[in-house]
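Please treat every number below as a calculation from the coordinates, not as lab data. These numbers come from a predicted model, not from an experiment. Methodologically, a virtual Cβ is constructed for each residue, glycine included, from the backbone with ideal geometry; neighbour enumeration extends over all protein chains shown.
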Amino acid sequence: MKSGDARVALIGFPSVGKSTFLSLMTSTASEAASYEFTTLTCIPGVIEYKGANIQLLDLPGIIEGAAQGKGRGRQVIAVARTADVVIMMLDATKGEVQRSLLEKELESVGIRLNKHKPNIYFKPKKGGGISFNSTVTLTQCSEKLVQLILHEYKIFNAEVLFREDCSPDEFIDVIVGNRVYMPCLYVYNKIDQISMEEVDRLARKPNSVVISCGMKLNLDYLLEMLWEYLALTCIYTKKRGQRPDFTDAIILRKGASVEHVCHRIHRSLASQFKYALVWGTSTKYSPQRVGLTHTMEHEDVIQIVKK
C-alpha cells in the first residue's frame with residue numbers, strides 16, 4: 001500500500017546492501033545475510049525527515065533478464081514503477097557493470113531514468129492522413145522516418161508536432177505512451193573497500209552519491225539529496241490572530257496550488273473558499289491575498305478565509 005508523502009524504491013543486484021540500508025535508515029528491520037536473495041518480498045519502511053514521512057521500499061535483488069521474468073523480476077520492477085524516486089544501489093567494488101545492466105533492464109520495461117518527457121505533440125485522428133510539423137530543425141528524425149514508425153504501429157491518421165529535437169526512440173515512447181519518467185539516484189555502497197581516488201571519481205559523477213552502510217559514512221548527505229530529488233514543499237497553516245503553527249506542516253509536491261492545500265485540509269474546504277492570505281517566497285509582498293490557482297513554494301505560511 002502507498003503510505004506517507006512520497007515513495008522511494010530501492011533497486012539493485014542481490015547483496016549490494018539494500019536491506020542493510022533500510023535497517024539503518026528506518027526503524028524497520030529487514031533481514032540481511034551474506035547470501036543472495038535474502039529478501040524475497042517487498043519490505044516497507046518509513047523515513048521521517050523534515051516533517052515528511054517518506055516510504056522506503058526494500059525490493060528483492062534484480063538479476064540479468066529480470067524484465068523477462070527471471071527471479072520474479074517482473075513483479076519487482078512493477079513496484080518500482082509506482083515510486084516517485086528510484087534509488088539504485090550499486091556495489092562500488094564492481095564498478096560500472098551493474099549500473100549499465102540495471103539501466104538496460106529498466107529501459108526495457110518502460111522506465112526512463114533522469115529524463116524528461118519528450119516535448120512532442122501527438123494526436124491520432126479519424127482521417128486526413130499524417131500531418132507533420134516541427135518548430136525546430138530536426139537532426140535525428142525526418143518526416144519519412146516518422147511516417148514509417150507510425151505505419152509500424154498501424155497509425156495512418158495523426159497530427160505530429162515536434163517542439164524539440166528528439167531521437168526516433170523518444171518518438172516511439174510518445175506513441176506507446178505507457179512510459180514512466182522518474183528521477184534516479186545512483187548510490188555506490190561499500191566504499192570502505194575501495195581506494196580513495198576511486199571514491200572521488202564515483203562521487204563526481206552526475207546523480208551519484210557514495211555511502212558505506214557498514215561504517216555509516218555519508219548517509220546524512222544521501223538523505224539531503226533524496227529530499228532534493230523528491231521536490232517536496234512544506235506548507236504551514238495559520239489561524240486568524242495567532243502565530244503560525246510550525247510544528248505540523250502540510251507536505252505537498254512542487255508546484256502545488258492553494259486548491260491542493262485546501263483538499264489536504266478538508267475535502268469541502270475548496271467549495272467554501274473565499275480567499276487566502278499567504279506569507280513567504282511565492283508572494284510579491286507579505287501577506288498577499290490570493291485565489292485558488294496561486295502556486296505555493298517551500299515553507300510558505302497560509303491562512304484560509306471561508307465564505
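Are there strands (runs of 3 or more DSSP E) fully within the stretch 132-249 with at least 3 residues that are closer than 29 Å to Ile87 by Cα and out of contact with any Phe, Trp or Tyr (no Cβ under 7 Å at 6 or more places or on another chain)? List them.
Because the criterion is at least 3 residues that are closer than 29 Å to Ile87 by Cα and out of contact with any Phe, Trp or Tyr (no Cβ under 7 Å at 6 or more places or on another chain), the strands (runs of 3 or more DSSP E) in the stretch 132-249 that meet it are 180-182, 184-189, 232-237.
What residue, among those in the stretch 113-167 that are surrounded by 14 or more Cβ atoms within 10 Å (Cβ to Cβ) and β-branched (Val, Ile, Thr), is farthest from Ala9 (Cα to Cα)?
Top of the filtered list is Ile130.
Quick one: in the stretch 264-307, which of the residues that are assigned to a helix (DSSP H, G or I) and free of Cβ contacts under 8 Å to residues at least 12 places away in the same chain is nearest to Leu252 (Cα to Cα)?
Top of the filtered list is Arg267.
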